[in-house]
Structure formats: C-alpha cells, structure tokens
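See structure below.
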Amino acid sequence: MTRLLPTLALAVVALFVAGFVFQAEGQSPAPPRFVVVVDESAGRDAAAIDAATDAIRAARGADGELRITRTPTEQLSVTSYFAARGYDVVGVGLNREIAVDPVADAYPATRFSVTDARGLAAAVAAAAAR
C-alpha cells in the first residue's frame with residue numbers, strides 16, 4: 001500500500017499538468033485590440049470620423065473601438081483607459097504632450113500612432129495586423 005501511494009500521487013500530478021498543456025493548445029489567440037481616438041477640440045472633423053469608422057469596419061479579425069474627445073483632459077482619459085486594458089492607440093488630433101507621451105511612458109507595451117484623416121486607414125490596418 002505504501003508503494004502504491006507515491007505512484008498514484010505522481011499519476012495525479014502528471015494528469016493535472018497534461019490538462020493545462022492540452023487546454024492551452026486548444027485556445028485561440030486573442031484578436032488585436034485597438035482604439036481610434038479622434039479629437040474635436042478644434043471643431044468637428046467629419047472626414048476623420050468617417051475615415052475612422054470605415055477603417056475600423058475594414059479591420060476584420062480585430063477588436064476596434066472609436067472614441068471622440070473634445071478636450072485634452074478627455075484625450076488623456078481615453079488613451080489611459082485603453083492603454084491600461086492592452087489596446088493599441090491610433091489618434092487623430094491628439095495633444096502629444098498631454099495624451100500620448102505620459103501614457104506611453106506608463107504603458108510601454110502600448111503602441112501609439114498619431115496621424116491625420118488621410119493616414120488613418122494605414123495606421124488602423126497596421127494596428128489590426130499586430
């Protein structure tokens with residue numbers, strides 16, 4: 001009986017470890033996540049909003065969000081929120097000193113791309129491909 005106990009314990013540990021390995025292999029990778037932040041503090045930019053909406057729709061297989069800000073404080077709040085959750089940030093009209101640089105320092109794994117409406121599609125495609 002005492003010889004059987006160590007063998008039984010070893011078998012239980014082996015099955016436990018194998019369960020973790022097989023479960024991890026069966027899981028699919030998480031899709032890339034990104035947020036497009038369009039700032040309107042200087043006025044409404046319909047072209048940027050339309051370009052952002054179209055780019056997010058075209059980014060199939062990725063998790064994309066659109067946020068529209070109206071003040072530098074909102075910019076900082078949105079970029080911080082999404083960076084803390086592991087999203088990459090694509091921005092149009094963002095204030096670098098307020099909403100990008102401090103957040104990039106706090107979340108070095110987050111990728112930031114600041115562009116204009118013309119470069120938005122390419123920036124979103126790059127974020128969605130990561």
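Provide the net charge surrounding I98, with neighbours chosen by a C-beta distance below 12 Å and charges set as Lys +1, Arg +1, Asp -1, Glu -1. That works out to -3. Computed over protein heavy atoms with a 1.4 Å probe, the accessible surface of the stretch 55-121 works out to 56 Å² per residue. Is the C-alpha gyration tensor of the stretch 87-130 telling us rounded, prolate or oblate? Criteria: a/c under 1.5 is rounded; beyond that, a/b larger than b/c is prolate, otherwise oblate. Because a/c hits 1.5 or more and a/b fails to exceed b/c, the stretch 87-130 counts as oblate. For the stretch 26-130, with all protein chains in place and a probe radius of 1.4 Å, 49% of the accessible heavy-atom surface sits on carbon or sulfur. Relative contact order, whole percent, for the stretch 30-130 stands at 38, derived from Cα pairs under 8 Å and 6 or more residues apart. Near L66, the amide H atoms lying under 5 Å from its own belong to V36; only residues 5 or more places off or on other chains count, and H is placed 1.01 Å from N. Anisotropy class assigned to the stretch 26-74 is oblate, per the alpha carbon gyration tensor with a/c at or over the 1.5 cut-off and a/b no larger than b/c.
Given axes a ≥ b ≥ c from the Cα gyration tensor, I'd like to know whether the stretch 33-130 is rounded (a/c under 1.5), prolate (a/b larger than b/c) or oblate. Since a/c reaches 1.5 but b/c is at least a/b, the shape of the stretch 33-130 is classed as oblate.
Note on S28: accessible area is roughly 100 Å² with a 1.4 Å probe, heavy atoms of protein only.
The values are calculated or read from the model by the stated rules, or taken from the named source; none is laboratory data. From a predicted model like this one, the values you see are computed outputs, not experimental measurements. Ideal geometry is used to build each Cβ from the backbone, glycine not excepted, and the neighbour counts take in all protein chains shown. Ligands, DNA and RNA are stripped out before the accessible areas are found, and what is left, the full protein with its side chains, is counted by its heavy atoms. Shrake-Rupley method; radii C 1.70, N 1.55, O 1.52, S 1.80 Å.
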